[in-house]
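For reference, the structure discussed in these notes is given below.
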Amino acid sequence: MLTKVDVRGAGGELPSIVAGLRPVPERAIVEEIIADVRERGDQALIELTAKYDGCDLSSTGIVVGSAEIEAAAERVPTSVYQALEEAGGRIRAYQEQIMESIPERTVFERSGAYVESLRKTVAAAGLYAPGGRHSYPSTVLMSVIPAKVAGVEVTRLCVPPGDGGAIADASLAAAGLAGADEVLRIGGAQAIAALAYGTESVGRVDVIAGPGNSFVAEAKRQVFGDVGIDSIAGPSELMVIADNRANPAWIGTDLLAQAEHGPGGACVLVVWDESVAAQVDAALGEVEGSSVICDGPEQAVEIANLFAPEHLQLMVDDPGTFLDGVNNAGAVFLGYDTPTAYGDYIAGPNHILPTGGSARFSSALSVEVFLRRMHAVEFTQFGVETVGQVAEVIAEAEGMSAHAESVRLRTRAAEARE
């Protein structure tokens with residue numbers, strides 16, 4: 001059932017009302033898990049996995065062997081394997097197009113100063129694919145493939161184990177198709193901690209990417225700075241802005257599809273026709289969420305920008321007009337015939353998207369997450385003579401006398417060579 005939230009005429013109170021549409025993350029328990037893994041390594045992973053996943057890693061091992069991955073691929077139905085191949089091909093093609101648009105090297109020159117901007121790839125990446133209620137081979141593809149296209153040398157994929165330590169065949173088959181270098185049967189905040197800080201069995205990585213539950217998202221937030229992350233990709237979110245021409249049954253099914261991912265997410269319907277919300281509520285059944293009744297289309301877009309949803313569906317007659325005003329969303333799906341589910345599987349762009357409002361400053365997972373720019377700077381004698389004195393003046397103005405002397409020495413040497 002959708003909880004009605006009436007924001008008509010809310011004015012300055014609107015931001016705080018919109019913030020209340022999201023659950024508050026657990027932080028203290030995640031801090032404890034991270035500290036435990038940092039201190040006790042594999043032993044902490046074994047105990048935490050037994051506690052949260054009911055799996056004995058001391059008997060199954062943390063690392064999944066290549067024979068297990070190959071056997072799983074053979075057991076997957078042909079139709080599923082072919083679908084994974086097709087989806088993987090589309091994901092790879094999209095990421096390759098992004099990669100081609102990012103130059104390996106650019107050069108800037110002015111007054112004898114040369115600056116090269118060099119594209120570099122991180123050495124090791126940790127990828128996370130959720131487990132729990134369902135297996136997510138699509139997430140395996142969407143996390144590993146961008147890393148491999150970017151040229152990451154070592155990719156470590158974490159997947160929470162199921163009964164007896166098993167990982168779903170489809171997920172292991174996807175790992176093989178995507179080219180994951182290591183597969184680890186660990187999940188939750190403990191997996192993020194292991195990737196960030198390393199254990200006896202898990203190598204430390206440079207970047208961690210992938211979605212997870214509220215504990216995984218909070219763990220990524222807490223380790224950021226010691227390791228890079230893609231975004232705060234936590235429990236799934238969907239906001240639907242709908243007019244009175246949208247099919248209520250379709251809206252209900254789309255919201256239900258996001259609720260399928262599990263608890264802790266957000267399903268939000270935004271309408272200015274209260275009858276639409278009532279019809280959707282009747283079609284939705286037991287799914288929990290919010291229906292926001294607003295003043296009109298303009299306020300609906302304002303709500304979307306304040307909430308910054310992971311997924312935003314514009315189920316309106318002229319979605320392009322609405323899109324022009326949307327700044328904050330992980331991905332936007334336009335029109336009545338484009339559900340979020342297309343983006344989850346086959347559209348090409350990534351379904352690993354920022355959540356928790358981080359779409360205000362983060363983007364979908366892509367090759368760019370695994371790349372960085374390194375600048376190489378060289379001053380010729382002409383550059384030293386031409387602009388060196390500028391640096392000296394600024395250094396003196398900042399009271400940095402050693403900086404100024406460092407520049408002055410070069411200036412004097414250049415003058416002496418004339």
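Remarks
- One residue stands out in the stretch 174-189 among those that are in contact (Cβ under 8 Å) with a residue 60 or more places away in the chain and surrounded by fewer than 24 Cβ atoms within 10 Å (Cβ to Cβ): the one that is nearest to Leu57 (Cα to Cα), namely Glu182.
- Candidate set from the stretch 235-281 (those that are closer than 15 Å to Gly296 by Cα and touching a Leu at 6+ places or on another chain (Cβ under 7 Å)); member that is surrounded by the fewest Cβ atoms within 10 Å (Cβ to Cβ): Ala277
- Applying the condition of being assigned to a loop (DSSP other than H, G, I, E, B) and within 20 Å of Val240 (Cα to Cα) to the stretch 11-39 and asking which residue is farthest from the chain's Cα centre (by Cα) yields Gly20.
- Residue count, the stretch 152-164 (criterion: touching a residue at least 60 places away in the same chain (Cβ under 8 Å) and surrounded by fewer than 19 Cβ atoms within 10 Å (Cβ to Cβ)): 3
- Counting only helices (runs of 4 or more DSSP H) wholly contained in the stretch 291-349, no element carries 2 or more residues that are farther than 25 Å from Gln279 by Cα and assigned by TED's automatic domain parsing to the domain that holds Glu85.
- Among the residues of the stretch 303-325, those identified as surrounded by fewer than 17 Cβ atoms within 10 Å (Cβ to Cβ) and free of Cβ contacts under 8 Å to residues at least 60 places away in the same chain are Asp318, Gly320, Thr321, Leu323, Asp324, Gly325.
- Filtering the stretch 380-405 to residues that are surrounded by 15 or more Cβ atoms within 10 Å (Cβ to Cβ), over 22 Å from Glu109 (Cα atoms) and either in contact (Cβ under 8 Å) with a residue 60 or more places away in the chain or not acidic (Asp, Glu) (or both) leaves Ala395, His403, Ala404.
- Check on Ala395, more than 19 Å from Gln313 (Cα to Cα) and touching a His at 6+ places or on another chain (Cβ under 8 Å): yes
The values are calculated or read from the model by the stated rules, or taken from the named source; none is laboratory data. Just so it is clear, the structure is predicted and the values come from calculations on it, not from any experiment. Every residue, glycine as well, gets a Cβ built from its backbone with ideal geometry; the counts of neighbours run over all protein chains shown.
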